[in-house]
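**Q** Have a look at this one.
The values are calculated or read from the model by the stated rules, or taken from the named source; none is laboratory data. Remember, it's a predicted structure, so these values are computed and weren't measured experimentally. Cβ: placed from backbone, ideal geometry, glycine included. Neighbour counts: every protein chain shown.
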Amino acid sequence: MAEKQKFVGQSIKRNEDPRLLTGNSTFIDDINLPGMLHIAIKRSDFAHAKINKIDVEKAKALPGVVAVYTADDLGDYWKPGPLQVPPPSVIKGAIFFARPLECIAKNKIRFSGEPVAVVVAESRYIAEDALDLIELDVELLPYVGDLEKTLAPDAPLVHEDLESNLAADVIQEAGSWEKAVAEADVVVKKRLLVNRVAGGALENRGIVVNWDQNLNLLTVWATTQGPIPMRNSIAKYLGLLENQVRLINPAIGGGFGPKIMSSQIDDVVIPWIAMQLKRPLKWVEDRRENFLGTTSERDQLHYAEMALKKDGTILGVKDVFYHNTGAYNPYGMTVPLNTQTHTVSNYRVPNFFTEIKMVFTNQMVVTPVRGAGRPQGVFVMERLIDAAAKELGMDPAELRRKNLLQPEDFPLRTGIIGQDFVEGILDSGNYPYALEKTLEGIEYEKFKQEIQPKARAEGKYKGIGITMFTEGTAVGPYEGCKVMVGVTGKVSVITAYSNQGQAHYTTFAQVAADQLGVKVTDVDVVTGDSGQWSWGVGAFASRGITLVGTAVHNASLKVREKALNLASKLLETPVDELELEDGVVRVADMPEKFITLGELAMRSNPTRGTVEPGMEPGLEAASYYGPPHGATGFGSLAMIVDVDPETGMIKIERLVITDDCGQPVNPMVVDGQIHGGLQMGIGEAFYENLVYDDYGQLVTASFMDYLFPQASDMPDKFEIYHSHTKSPLNPLGIKGVGEAGAIAPPACMMQAFEDAMGLDDMFITESSINPSKLYNYIQKAKGA
Amino acid sequence: MKIEGTHVFNGPRKAVWDMFYDPNVLASALPGAQKMEMVNENEYKFDMNVRVGPVSGAFSGEMQLENVVEPESLTLKGGGKGAPGFLNGIGNVKFKEQEDNTTLMEYEGEVNIGGALASVGQRMIDSVAKSMIRTGFETLDKALAARLAAKETGSEVVDFKAPTEAQFAKEVAKDMVKMDNMSAETKLVFYIVPVVAVIILLAVVLKSCGA
């Protein structure tokens, strides 16, 4: 009885933009409560040290300071947090040493930036001044940060109770790598490095807490991407019922992954202090603190091999990689498992061996940043193909074409268990279309045969890169929502999913409006408020539109049925003779006989009389949706780069991407996601880099040293093509798209730079390059 | 992190060593030093103000001198901390006589910087510290020349004028502009060397004050 889609698939302007553009949104720092105190967190300057004493007396004596807490002041309340993601016990033979986050360092400091004390003061100014008065007496311990050296027998231990710094070891094999090698004509081997990047949301993290002891209600406003897990963590810590903790997401200025974290100092210690002091508290991170105190990602070292036939047929891939988890591993294996599932996912690879060696280091904890392990896998595979293409004297595009999975291969069981702990199944796809469309779009042949030779003759260094990617999205376990028609005839969609700018206020509204015959602007969407909807998981793995969108669709269908049934009685007309449109239910061939949705909503809550058994009031329904496994988006990215021979700076002359996220709900929003992702990926490849020195000091903890790509660094135009291979997993055929753009740029750009230089022996093994390194290549190219 | 560097003083070794023991000269070569005191033989405490780009604040530390072989060499160990962060280092300094009556100062060591100094001041510390060491050595060169000239004429008045804070600031600004063209590797050298040199200078100043 589903209505045909009127709004899904349309580029409708965003419901949320007027309030955002006029400055009328409430962000975390806009929340101010009477009597509110301010928090500043003392973070360790040292990367690895034993704590002898933390002297807070001078800080306490500063006028305006209300309290100062260290781990010792927390007493029994202090305990390492729960793992946010469970261990990968479903994978046979997997080794995992759980070392969850310590909300505040107690005996030992394990990374620079780790919290050691909390100051509560009348103002933020005073709180920050007090930080300088806290004296930290420590015994410095040797620092370990190198991914390989950390496993050396004499390496200092991040966690002394473990035998080594090995945090996890997971081997997965589909087919037999040994067999592939035995049959191969060529085996290429590469040591590949993926750099470390920040989420870098425009708005930093923050939390505001208010404890009302009369109501027994703790209200928490937080910038979290996972409101319900954070609510549950707080309730468990404080011994409260879930409904005694109301977790609200205010407007959030970007998430990009790191804001998924809970059981950190913000949500463990600050609510506890609020209950101790019985005063509202606010903590908002500043930028330096964000670099030092918020999780980040990438940083892998791969020893990768590919076995091929002389004709270019891939027989197998072997990838043994080190994954830096930082000082703790609260987020389990999500990131490296994503790497395992995204390494060979575009190609027919009959034999695949992949091993994760996850290691502890004295660095910030690693949790997903947009891309979340996917770019690493894609970088490794695409670089191996480029190496093989050179070895075999084949064109990179041709070698890819030859080995791509074909539309008839789907659904494809991969034999590799992913971050959702189920075997990866590629649900659907048309990879050759994406490759050919992209090659055609960027005029690959014309570039190779006409443009590039002409540029070379003029002393210009122009190159082209062509890459493939998949984007595993929309993993379980579930999300849910409540849809209600109100007495005004307007529709309410309420979910506890979290919104950081993804346009949920519009896209969820489009899905509901289609089934309920109302305008998109007449649907009000609430996200991330546990007081209004109590269940959910969180914004990660590009799963919002697929999981919540499907739940909204299903709930809207239920409400539609309720509305039609009630109207049928009131209008004394069978349901199949009714239509729901323009906010009214009317008799199809008697348009003057109708009842408005608002009236139906009013009548659905009778105030006198009796009801039939089993009756549920209100034009309201809830729905949950959980897929059996994720839906896999995919695409192809090509770029033409021009490297300035004088400066080593680059211009991306053209960028063509073909993306397939199944049925797009709002193509404009999809394009926006791709734009943002591409810019992030380009940043990772050329601008952004989190750098630790030899002593574990993060030396890029400001925007002076951590370079974000600017709009002016982007190509004039992102040329975006789409294909629509609907996912068979959900009724609307949706797949996610939140990370698509961020996945392939490093692989694509390194290929393009090599092509630009035209040096036979040039092979870039790192996912990030800079003008200085490119300049060195140019000097070689000039001499060649 | 290993570091090393050299500087040639235009004068005999004894004169250079003696100059390093003249607190007035050395204090002028090191801006920001507030207070120094000897707590034990060859063990000193100091307070100084540090301003590196956006990072500034009071810094206090300790220093130990070891293996003092006058006028040839010494080893210094030390560190300090304050609101801007912390610093630990060890350095070896040698003064070598050369045939042309000049003195070669060789220094090498290892330094570890942390906190805001490292994480935010990184880009600035290169330039600021490089400037401090360059200007510091220039000051010492001039001071040495003045001392030698005074010795020659038998004058008791040494015609030497220390640079003012403003002059220092001007030199720093000039160097900041120049730094833009340097490679990251070059910057790294300039980043570490000056810090060690600053420690060296401080240590010697302190020794002379203590004495």
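**Q** In the stretch A:42-85, how many are in a loop (DSSP other than H, G, I, E, B) and within 14 Å of chain B (Cβ to nearest Cβ)?
**A** Step one: filter the stretch A:42-85 for residues in a loop (DSSP other than H, G, I, E, B), giving A:44-48, A:56, A:62-64, A:78-85.
Restricting the remaining residues to those that are within 14 Å of chain B (Cβ to nearest Cβ) gives A:44-48, A:62.
Adding up the residues that qualify gives 6.
**Q** Could you list, in sequence order, the residues of the stretch A:15-45 that are modelled with pLDDT of 95 or more and surrounded by 20 or more Cβ atoms within 10 Å (Cβ to Cβ)?
**A** Result: A:15, A:28, A:37, A:38, A:39, A:40, A:41, A:42, A:43, A:44.
**Q** Do the conditions hold for residue A:286, that is, is it farther than 28 Å from residue A:393 by Cβ and within 14 Å of another protein chain (Cβ to nearest Cβ)?
**A** Here the answer is yes, as residue A:286 does meet what is asked.
**Q** What residue, among those in the stretch A:132-146 that are surrounded by 20 or more Cβ atoms within 10 Å (Cβ to Cβ) and within 35 Å of the chain's Cα centre (by Cα), is nearest to the other protein chains (Cβ to nearest Cβ)?
**A** Selected residue: A:143.
**Q** Go through the stretch A:115-160 and count every residue that is under 22 Å from residue A:363 (Cβ atoms) and in a loop (DSSP other than H, G, I, E, B).
**A** Count: 17.
**Q** List every residue pair whose Cβ atoms sit under 6 Å apart, with the two residues 6 or more apart in sequence or on different chains, where the first one lies in the stretch A:70-83 and is at pLDDT below 95 and the second, anywhere, is surrounded by fewer than 17 Cβ atoms within 10 Å (Cβ to Cβ).
**A** Note: pairs meeting the criteria are A:83/A:98.
**Q** Continuing with this model, one more query. Can residue B:95 be described as within 8 Å of chain A (Cβ to nearest Cβ), modelled with pLDDT of 85 or more, touching a Phe, Trp or Tyr at 6+ places or on another chain (Cβ under 8 Å) and surrounded by fewer than 24 Cβ atoms within 10 Å (Cβ to Cβ)?
**A** Numbers: within 8 Å of chain A (Cβ to nearest Cβ): no; modelled with pLDDT of 85 or more: yes; touching a Phe, Trp or Tyr at 6+ places or on another chain (Cβ under 8 Å): yes; surrounded by fewer than 24 Cβ atoms within 10 Å (Cβ to Cβ): yes.
So residue B:95 does not fit the description; no.
**Q** Right, next: For the stretch A:688-744, how many residues meet the condition of being within 14 Å of chain B (Cβ to nearest Cβ) and among the small types (Gly, Ala, Ser)?
**A** Quick first cut of the stretch A:688-744, residues within 14 Å of chain B (Cβ to nearest Cβ) only: A:689-707.
Filter once more, keeping what is among the small types (Gly, Ala, Ser): A:696, A:701-702.
Count: 3.
**Q** If the requirement is being free of Cβ contacts under 8 Å to residues at least 12 places away in the same chain and among the charged types (D, E, K, R), which of these qualifies: A:603, A:654, A:608?
**A** A:608
**Q** Same structure, new question: Kindly indicate whether any position in the stretch B:8-31 is at pLDDT 85 or above, part of a strand (DSSP E or B) and away from chain A (no Cβ under 14 Å).
**A** Our first condition is that a residue be at pLDDT 85 or above; within the stretch B:8-31, this holds for B:8-16.
Those left that are additionally part of a strand (DSSP E or B): B:8-9.
Narrowing the set further to residues that are away from chain A (no Cβ under 14 Å) leaves B:8-9.
Yes: one or more hits.
**Q** Run residue A:115 past the list (1) at pLDDT 95 or above; (2) within 12 Å of another protein chain (Cβ to nearest Cβ); (3) within 25 Å of residue A:692 (Cα to Cα) and report the number of the one that doesn't hold.
**A** Unmet condition: (2).
**Q** Moving to a separate point now. Which one of these does residue A:251 not meet: (1) small (Gly, Ala, Ser); (2) away from every other protein chain (no Cβ under 14 Å); (3) touching an Asp or Glu at 6+ places or on another chain (Cβ under 9 Å); (4) buried (at least 23 other Cβ atoms within 10 Å of the Cβ)?
**A** It fails just one condition, (4).
**Q** Among the candidates B:61, B:80, single out the residue that is among the small types (Gly, Ala, Ser), surrounded by fewer than 22 Cβ atoms within 10 Å (Cβ to Cβ) and closer than 22 Å to residue A:47 by Cβ.
**A** Values: B:80 fails: surrounded by fewer than 22 Cβ atoms within 10 Å (Cβ to Cβ).
On inspection, the qualifying residue turns out to be B:61.
**Q** Counting just the residues of the stretch B:73-89 that are away from every other protein chain (no Cβ under 13 Å) and of a type in the set (A, V, I, L, M, F, W, C), which one comes out farthest from residue B:118 (Cα to Cα)?
**A** Going through the qualifying residues, I end up with B:74.
**Q** In this structure, does residue A:684 turn out to be surrounded by 17 or more Cβ atoms within 10 Å (Cβ to Cβ), more than 14 Å from chain B (Cβ to nearest Cβ), of a type in the set (Asp, Glu) and assigned to a loop (DSSP other than H, G, I, E, B)?
**A** When the stated conditions are applied, residue A:684 does not pass them.
**Q** Counting only residues that are among the β-branched types (Val, Ile, Thr) and crowded, with 20+ Cβ neighbours inside 10 Å, which one in the stretch A:187-218 is nearest to residue A:677 (Cα to Cα)?
**A** Looking at residues that are among the β-branched types (Val, Ile, Thr) and crowded, with 20+ Cβ neighbours inside 10 Å, I get A:197.
**Q** Follow-up. What is the number of the single condition among (1) under 23 Å from residue A:632 (Cβ atoms); (2) touching a Gly at 6+ places or on another chain (Cβ under 6 Å) that residue A:373 does not meet?
**A** Going through (1) under 23 Å from residue A:632 (Cβ atoms); (2) touching a Gly at 6+ places or on another chain (Cβ under 6 Å) one by one, residue A:373 breaks only (2).
**Q** Then there's this: I want to confirm something. Restricting to the stretch A:688-698 and keeping residues that are buried (at least 24 other Cβ atoms within 10 Å of the Cβ) and touching a helix residue (DSSP H, G or I) at 6+ places or on another chain (Cβ under 7 Å), which single residue is nearest to residue A:109 (Cα to Cα)?
**A** Once the filter is applied, the top-ranked residue is A:697.
**Q** Would you mind finding the one in A:546, A:506, A:521 that is closer than 20 Å to residue A:228 by Cβ and either assigned to a helix (DSSP H, G or I) or more than 22 Å from the chain's Cα centre (by Cα) (or both)?
**A** Testing whether each residue is closer than 20 Å to residue A:228 by Cβ and either assigned to a helix (DSSP H, G or I) or more than 22 Å from the chain's Cα centre (by Cα) (or both) leaves just A:546.
**Q** Of all residues in the stretch A:197-233, which are small (Gly, Ala, Ser) and under 18 Å from the mean Cα position of the chain (by Cα)?
**A** A:198, A:199, A:200, A:201, A:222, A:226
**Q** Determine the pairs where a residue that is modelled with pLDDT under 95, located within the stretch A:482-495, has a partner that is of a type in the set (Val, Ile, Thr) with Cβ atoms under 8 Å apart, the partner being 6 or more residues away or on another chain.
**A** Partner pairs satisfying both residue conditions: none exist.
**Q** A follow-up question, please. For the stretch B:62-72, state whether one or more residues are within 14 Å of chain A (Cβ to nearest Cβ) and either in contact with a helix residue (DSSP H, G or I) (Cβ under 6 Å, 6 or more places away or on another chain) or polar (S, T, N, Q) (or both).
**A** No; the residues of the stretch B:62-72 include none that is within 14 Å of chain A (Cβ to nearest Cβ) and either in contact with a helix residue (DSSP H, G or I) (Cβ under 6 Å, 6 or more places away or on another chain) or polar (S, T, N, Q) (or both).
**Q** For the list (1) within 14 Å of another protein chain (Cβ to nearest Cβ); (2) of a type in the set (Ser, Thr, Tyr); (3) within 22 Å of residue B:110 (Cβ to Cβ), I need the number of the one condition that residue B:44 fails.
**A** Against the list (1) within 14 Å of another protein chain (Cβ to nearest Cβ); (2) of a type in the set (Ser, Thr, Tyr); (3) within 22 Å of residue B:110 (Cβ to Cβ), residue B:44 comes up short only on (1).
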